[in-house]
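What follows is a single structure, written as structure tokens, with notes after it.
The values are calculated or read from the model by the stated rules, or taken from the named source; none is laboratory data. Since this is a predicted model, take the numbers as computed values, not measurements. All Cβ positions, glycine included, derive from the backbone under ideal geometry; neighbour counts span all protein chains shown.
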């Protein structure tokens, strides 16, 4: 695979190459310089060059993982839009990685049935937090995971109103629950995940970490009184079929 990496980096550097990878590398080179070869202020250009080099290395690393017999001329319908769009997003490591994997997949004939040009537009509408949340969901062994809405229920009538929707705490780290919820809404809008409160997981133990979570206790302290109490509306969250295709290519 070292030959592939050298060919890709050599082509992007403008030098001639001679190898089995010549065709794909030359097409990549032409589009790379079409999108990344313009002039700008020297300080901006230096920073841009640093990021571009990281991006190029990311792409080369991903391409190096493709078996040599699966290398193909990159799909122009993916490579062209991906390189054009990526220059506005590659400052963010998470999005840069998604684009690098997508571009590499355009050179892998084993990905042809799953690869879609629409994935470029999907990444363009994602934030780094969106990428982290999707990676988190994709990496979790269980394909269906717990999520809750926090509701305020009347003790007399059992009527309720939602206090906070899409509360999700599975391995998200230090990202606030408000930002996580907003991110999940965007991932759902993009068709990458499904959130359903009409059904929930049969294993009630999966929700125990929510019942005892400090943020839930904060809501209870704020809202619980003689007439009302905080309750959890249980649901499940999972990656959609379209989202799984996206993850197989970009994660």
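Remarks
- Qualifying residue in region 61-70 (condition: touching a strand residue (DSSP E or B) at 6+ places or on another chain (Cβ under 6 Å) and within 20 Å of residue 29 (Cβ to Cβ)): yes
- Helices (runs of 4 or more DSSP H) wholly inside region 148-251 containing at least 3 residues that are in contact with a strand residue (DSSP E or B) (Cβ under 9 Å, 6 or more places away or on another chain) and surrounded by fewer than 17 Cβ atoms within 10 Å (Cβ to Cβ): 177-189, 214-223
- Qualifying positions in region 90-111 - modelled with pLDDT under 90 and crowded, with 16+ Cβ neighbours inside 10 Å: 90
Conditions (1) within 16 Å of the chain's Cα centre (by Cα); (2) modelled with pLDDT of 95 or more, marked per residue:
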{"site": "212", "(1), (2)": "no, no"}
{"site": "227", "(1), (2)": "no, no"}
{"site": "234", "(1), (2)": "no, yes"}
{"site": "238", "(1), (2)": "yes, yes"}
{"site": "242", "(1), (2)": "yes, yes"}
{"site": "249", "(1), (2)": "yes, yes"}
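- Region 123-141 - residue that is touching a residue at least 60 places away in the same chain (Cβ under 8 Å) and more than 9 Å from the chain's Cα centre (by Cα) and, of those, farthest from residue 249 (Cα to Cα): 125
- Against the test of being within 18 Å of residue 129 (Cα to Cα) and at pLDDT below 95, the options 195, 172 yield a single qualifying residue, 172.
- Some residue of region 149-156 being modelled with pLDDT of 95 or more and in contact with a helix residue (DSSP H, G or I) (Cβ under 6 Å, 6 or more places away or on another chain): yes
- Failed condition for residue 80, given (1) surrounded by fewer than 23 Cβ atoms within 10 Å (Cβ to Cβ); (2) under 25 Å from residue 68 (Cα atoms); (3) in contact with a helix residue (DSSP H, G or I) (Cβ under 7 Å, 6 or more places away or on another chain); (4) at pLDDT 95 or above: (4)
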